[in-house]
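A.B. asks: Sharing a structure, written as structure tokens. Questions coming.
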Amino acid sequence: MRRPTELAPIGTNNTPARVNLRPEDAQALLDSFLAGRSPHTLAAYRGDLADFARWLGEPDPQTATARFLSAAPGEAHKLALDYRNALTEAGLAPSTVNRRLAALRSLVTLGNTLGLVTWRLATKGVRTESYRDTRGPGVDPIRSALDALAAEGTPKALRNRAAVRLMFDLALRRGSVVSLDLEHLDLDAGTVSVALKGRGTERRVKTLPAPTLDALREWVAARGTEPGPLFVNFDRAGQGETRRLTGRSLHRITEALGLGHPHGLRHTAVTRAVTRSQEAGIPLHQVLDYSDHSSLAVLQKYLDNVTDAGGRIADLVADLGNLARATA
């Protein structure tokens, strides 16, 4: 990844003066910035800030924050622009680039609110088109993977089957799955309390379908009833949080099962939900309660991809034989 460029000192005639942010003030700012975040958001922001520190060549986020906020506004914006370009050149997904820039913008905004700096970061993210491909791996590969895991029956296979069922049956994001603790699961009531994306510490109780509940019961029987992470990593020694299965590990699991990225399971689940709800006469807006999307427009894109109206119209346009007959 391309490193940040060195800039000459910036004049102060028309720009706010530099500040000399102390390390302890930078740490206090970081603590305030991360406080109250959901486990998934907390892990993501910590990773983003650590990545920025590595790119700056600083040993930790505290030092990187002190350096970044001590810069003059023009220099800080140039650093952020260089960082954005380096992330893009490294081939990161636009959503990842934009999330890391959003973390920096939010950090600077909080620093401005607290009076540590007199400016705000205006560097924009990169353009992205979400949900262009909503197909995912499809139902048949998921069914085959679940059957294979059930037949294997080892503790690791039982864990993977339970995680896949949650991602597909409930359309859960991988961050929601790996953030689950045993206490969030109520096998007697048949429910799970799930952290939602962008909702802070808010959790939503979801009813578990019978196949999902059965898979979780078998996994918990193999896992044991020790409090802590619901899904643990067998390849890592330790206790408590050090045993929690990570989102990256979950990605490796779905890749090994031939299912691609974990989010593809959610895509397949939501596509199936949209299709089946239309067949059952259930209004599209009611699917939002299942998918936890914030906008009906997103579900409409799933529906458009299912019906493929554009493809059907293209067939009509391409039928030159019919066109010739009609105009003869």
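The values are calculated or read from the model by the stated rules, or taken from the named source; none is laboratory data. Keep in mind that what you see is a predicted model, and the values were worked out from it rather than measured. FYI the Cβ positions are ideal-geometry reconstructions off the backbone, even for glycines, and counts take in every protein chain you see.
A.B. asks: Looking at this structure, is residue 97 in contact with a helix residue (DSSP H, G or I) (Cβ under 6 Å, 6 or more places away or on another chain), closer than 30 Å to residue 168 by Cβ and in contact (Cβ under 8 Å) with a residue 24 or more places away in the chain? Explain how you work it out, then say what you get.
C.D. replies: Details: in contact with a helix residue (DSSP H, G or I) (Cβ under 6 Å, 6 or more places away or on another chain): yes; closer than 30 Å to residue 168 by Cβ: yes; in contact (Cβ under 8 Å) with a residue 24 or more places away in the chain: yes.
Yes.
A.B. asks: If you don't mind, there's one more thing I want to ask. Out of (1) in a loop (DSSP other than H, G, I, E, B); (2) modelled with pLDDT under 95, the odd one out for residue 188 is which?
C.D. replies: (2)
A.B. asks: Give just the number: which of (1) without any contact (Cβ under 8 Å) to a residue 12 or more places away in the chain; (2) not in a helix (DSSP H, G or I) does residue 157 not satisfy?
C.D. replies: (2)
A.B. asks: Could you identify the single residue in 68, 52 that is within 29 Å of residue 195 (Cα to Cα), crowded, with 19+ Cβ neighbours inside 10 Å, of a type in the set (Phe, Trp, Tyr) and at pLDDT 90 or above?
C.D. replies: Exactly one residue qualifies, and that residue is 52.
A.B. asks: Looking at 201, 207, which one is of a type in the set (S, T, N, Q), outside the structural domain of residue 44 (by TED's automatic domain parsing) and at pLDDT 90 or above?
C.D. replies: On the way: 201 fails: at pLDDT 90 or above.
Result of the check over 201, 207: 207.
A.B. asks: Something else about it: Here's a check for you: in region 274-328, which residue that is modelled with pLDDT of 75 or more and of a type in the set (Asp, Glu) is farthest from residue 175 (Cα to Cα)?
C.D. replies: 279
A.B. asks: Within region 23-86, considering only helices (runs of 4 or more DSSP H) that don't extend past its boundaries, which have at least 3 residues that are within 21 Å of the chain's Cα centre (by Cα) and among the aliphatic types (A, V, I, L, M)? Steps first, answer last, please.
C.D. replies: Values: elements: 23-34, 39-56, 61-70.
Once the helices (runs of 4 or more DSSP H) in region 23-86 are filtered for at least 3 residues that are within 21 Å of the chain's Cα centre (by Cα) and among the aliphatic types (A, V, I, L, M), what remains is 39-56.
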